[in-house]
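Structure first, commentary second.
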Amino acid sequence: MQLVEQLLINEQMKRWDAAGYQAFRIGNVNRVIQAIAQFGQWQRMSNAELRKTYADAGMPHSDVVDREEVLKTLKTVLVWEMMPLDELESDCLERKLSIDVDSASSTDHKRLELAHRLRVDMSVNMDKEMYESKGIPVEALGTLAASYVFEQFRRIEEAEEEEVHEWYKAAGFPKERGMKRNDIAELWKQVSIWSCLPPRELRSKCEHRGVSLPSAARAAGGDLLEEQRENLVYELLLAERMDAWEARGFPARRMGGPEPILNAVAQYESFLDYDEEKLQKVYTDVGLPNAEATDRSRTLELLKQILIWELMPEKELARECEERRIPASDRGRDKAPESEEERHADLLQKLKVDLRVNLNKSWYEAKGIPMARLDSMRVLQVADQLDAFQSMGNEQLKTEYLQAGLPREAVLERSFLLDTLRKVVIWEAMPLQELQRDCLERKLPIHAATPSNSQRDKESELVRRLIIDLCVDLQRSAYEQQGIPVDRLGTLQTARVAAQFDKLEVMNIQKLLDTQEEMGLPVVNSTTREELLARLQLVTVWEALPVVELRVECNDRTVSTVGQPIGAGEEEEREFLQDVLKLDLFMPTFRMLGLPMQQLKTFRGAAKVSREWTKIDAMSDAELARRYADLGLSPQYLIARELRERLKKVAVFIEMPSRDLQQECIAKRVFFYGHESERHVMVRRLVATLWPPKPNPFPQPPPQQQQPPPF
């Protein structure tokens with residue numbers, strides 16, 4: 001009988017199972033009957049009642065859902081409520097839902113919790129498009145978290161405006177005039193999503209937004225991320241606000257952390273609440289000009305800029321200075337700031353000065369200050385110096401003019417003094433690159449005559465050249481009257497030549513003779529002072545002329561340049577041209593001195609021979625004999641006149657052209673090496689051949705032989 005009864009129940013269970021009640025999974029006839037009874041009640045309900053029951057079960061309600069779909073969904077929910085725990089766990093795992101429930105809970109409580117999770121999962125999946133349309137990422141969150149976030153969204157949307165703003169304030173952000181209720185509500189919703197993201201999705205979100213993960217969290221799994229969740233959610237929220245602040249003109253990510261940017265935003269928001277009078281007072285207090293002429297929006301923009309600089313870290317202030325071409329170090333400053341606080345204050349001051357200067361750009365340009373060529377600190381220095389000049393009396397201004405190294409003029413009008421001093425002050429303030437540009441425009445060299453590693457030294461040298469150039473231009477007519485060819489020399493060489501002319505002008509004849517000798521020029525005591533001065537000035541000019549002008553000079557004076565070395569470099573050509581010019585100038589002198597010019601042929605050689613002959617003429621007999629013996633020759637039986645003549649010939653041999661010396665050697669059958677370095681050896685061999693030891697002019701008679709005695 002029991003077997004028959006069991007078979008009947010089994011058959012009935014099959015029919016119920018076929019009807020969708022999953023009787024075998026419920027496994028309890030009474031629960032199946034209970035479910036069938038409950039479903040029967042729903043079938044008898046009106047559409048309105050059925051939809052209410054559907055909504056009460058947590059299912060999505062939509063006008064497009066028909067009655068059969070509603071009943072089918074309710075049946076599924078009803079079956080889950082009747083299922084035993086193990087079957088519910090199986091369905092949860094199939095849907096990738098957690099089955100973890102408080103272990104202290106009863107079996108019925110666990111069953112109800114898992115049934116609830118399955119119901120929520122089905123509800124969310126049925127209404128997934130609606131969730132996505134609200135910005136809830138169902139796939140990233142999972143259905144259970146998505147459902148929770150949906151409820152959070154609904155609470156946020158129903159919240160009063162005051163509550164929404166209070167949430168933003170509690171998050172640590174200042175009140176912002178531009179932040180409307182909906183803007184804050186959207187942020188709140190985002191926080192709701194981030195707070196529910198699984199660890200993997202939270203990690204991905206942080207990496208995408210550039211939020212740094214703790215090193216342990218990067219290496220570990222989800223548990224450690226959960227411990228950091230609150231901090232990471234705050235960092236994500238902060239990143240959102242950073243983007244918004246960047247869009248408002250705050251360089252949020254350069255402020256060195258959240259606190260400075262939060263303070264900057266809060267302070268700026270307080271500026272927005274100031275009336276015009278109070279705002280202008282703040283503007284003036286920070287040292288900005290023309291408060292009355294600046295409109296409110298511009299005033300706020302400038303105050304924001306200064307506020308940002310005040311809160312920026314030192315590193316970013318240095319970057320700001322670099323971008324604005326503000327030099328890191330100051331000219332003439334004895335000691336650089338050492339502490340971070342001092343460096344910050346120094347950089348901040350420079351940026352404020354730069355801002356003030358640029359706000360007054362037209363005013364500075366009206367003073368003749370080239371704004372585009374000077375950094376703001378130097379513009380300010382130049383302006384202060386020009387103001388100081390303007391406040392001076394004429395005599396004091398003339399003193400400043402002369403102390404700057406500028407030439408004394410007969411008439412120094414005030415406007416001329418101010419204009420000239422302005423040029424000098426601007427040059428002294430210019431950076432190296434701009435000084436080089438001015439030098440090139442004036443055809444002045446830009447490379448240092450002596451190597452220098454100091455940029456300041458290079459700048460000082462170029463300023464000196466520019467001032468010299470200015471001085472020469474101012475005195476051009478006076479120099480040309482002195483016979484100084486300014487255009488041919490260039491201004492720098494003109495200044496050097498003019499300085500030498502001034503020295504020569506005040507010399508007496510003896511000093512001029514000494515100078516001529518120091519310059520390697522032949523000296524003739526019978527020359528008048530005027531002749532000496534004219535020659536020295538002419539040679540001074542030649543020594544300063546560039547090669548191209550030396551060529552012109554040779555052509556104008558019909559001086560032959562035959563014999564110029566082929567392929568000679570510029571310096572070698574310069575020496576050659578100067579030599580032929582000097583030779584032409586001093587040829588009469590050399591001939592008067594009796595120099596064999598047909599043998600010497602160069603000024604350099606002739607000048608050396610002239611000096612050597614002068615020394616020989618001044619030697620005593622003993623000195624002559626010693627000098628002659630030094631050549632390896634015997635002075636015995638030679639009188640002083642002969643020694644002088646021979647020593648003078650040696651001087652000529654030493655300085656005559658190599659080819660001519662070689663010809664002399666060949667004529668006397670003297671072996672020679674042919675190298676210029678062996679010249680002295682060749683000369684010694686030549687003179688040894690020319691002047692063998694002189695025989696005794698008064699030889700003693702040979703002794704008389706005695707006659708042998710006769711036998």
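The values are calculated or read from the model by the stated rules, or taken from the named source; none is laboratory data. Computed from a predicted structure; not experimentally measured. With ideal geometry, Cβ positions are generated from the backbone for all residues, glycine too; neighbour counts draw on all protein chains shown. Surface accessibility is based on the protein's heavy atoms, side chains included, excluding ligands, DNA and RNA. Shrake-Rupley method; radii C 1.70, N 1.55, O 1.52, S 1.80 Å.
Let me know the shape class of region 481-563, please: from the alpha-carbon gyration tensor, a ≥ b ≥ c as square roots of the eigenvalues, rounded when a/c is under 1.5, otherwise prolate if a/b is greater than b/c, or oblate. Oblate. Couplings 3J(HN,Hα) of region 568-574, computed from phi: 5, x, 4, 5, 5, 5, 4 Hz, in residue order, whole Hz [Karplus 6.51 cos²θ - 1.76 cosθ + 1.60, θ = phi - 60°; x for Gly and Pro].
Taking a ≥ b ≥ c as the square roots of the Cα gyration tensor eigenvalues, the chain comes out prolate, since a/c reaches at least 1.5 and a/b is larger than b/c. So which aspartates and glutamates pass the test for residue 615, namely a Cα distance under 17 Å, with those fewer than 8 places away in the same chain ruled out? By straight Cα distance, residue 615 reaches 514, 517, 518, 623, 630, 642, 645, 655. Multiplying the residue separation of residue 640 and residue 323 by 0.36 nm and subtracting their alpha-carbon distance yields 105.8 nm. To make sure I understand the rule: partners must be aspartates and glutamates, Cα under 17 Å from the Cα of residue 367, and not fewer than 8 residues away in the same chain. Which ones qualify? Cα-Cα hits under 17 Å: 375, 384, 387, 419, 428. Here the Karplus relation 6.51 cos²θ - 1.76 cosθ + 1.60, evaluated at θ = phi - 60°, turns the backbone of region 318-328 into coupling constants of 4, 5, 4, 4, 4, 5, 9, 6, 9, x, 6 Hz, with x for every Gly and Pro.
Would you kindly state how much longer the chain becomes between residue 157 and residue 177 on full extension, computed as 0.36 nm times their sequence separation minus their alpha carbon distance, in nm to one decimal?
Working: separation 20, 0.36 × 20 = 7.20 nm, distance 2.06 nm.
Stretched fully, the residue 157-residue 177 segment lengthens by 5.1 nm.
Computed extension length for residue 392-residue 273: 38.2 nm, one decimal, from 0.36 nm per residue of separation with the Cα-Cα distance subtracted. The overall shape of region 175-329, judged from the alpha-carbon gyration tensor, is oblate: a/c is not under 1.5, and a/b is no greater than b/c. Couplings for region 147-158, taken from phi via the Karplus curve 6.51 cos²θ - 1.76 cosθ + 1.60 with θ = phi - 60°, read 5, 5, 5, 4, 5, 5, 4, 5, 5, 5, 5, 8 Hz in order; Gly and Pro are left as x.
Remark: the chain carries 58 Å² of accessible area per residue (probe radius 1.4 Å; ligands, DNA and RNA excluded). If I compute solvent accessible area with a 1.4 Å probe over the protein chains, what percent of it on the chain is carbon and sulfur? Here carbon and sulfur together make up 49 percent of the probe-accessible area. Inter-label distance, residue 502 to residue 560: 4.2 nm, where each label sits 7 Å from its Cα along the C-beta direction. The aspartates and glutamates within cross-link reach of residue 128, meaning a Cα-to-Cα straight distance under 13 Å and a gap of 8 or more places when in the same chain, are 139.
Placing a pseudo-label 7 Å from each Cα along the Cα-to-Cβ vector at residue 200 and residue 72 gives an inter-label distance of 3.2 nm. With 22 Å as the limit, the listed pairs 134/205; 169/189; 134/180; 423/443; 110/134; 75/110 have 110/134 beyond it between alpha carbons.
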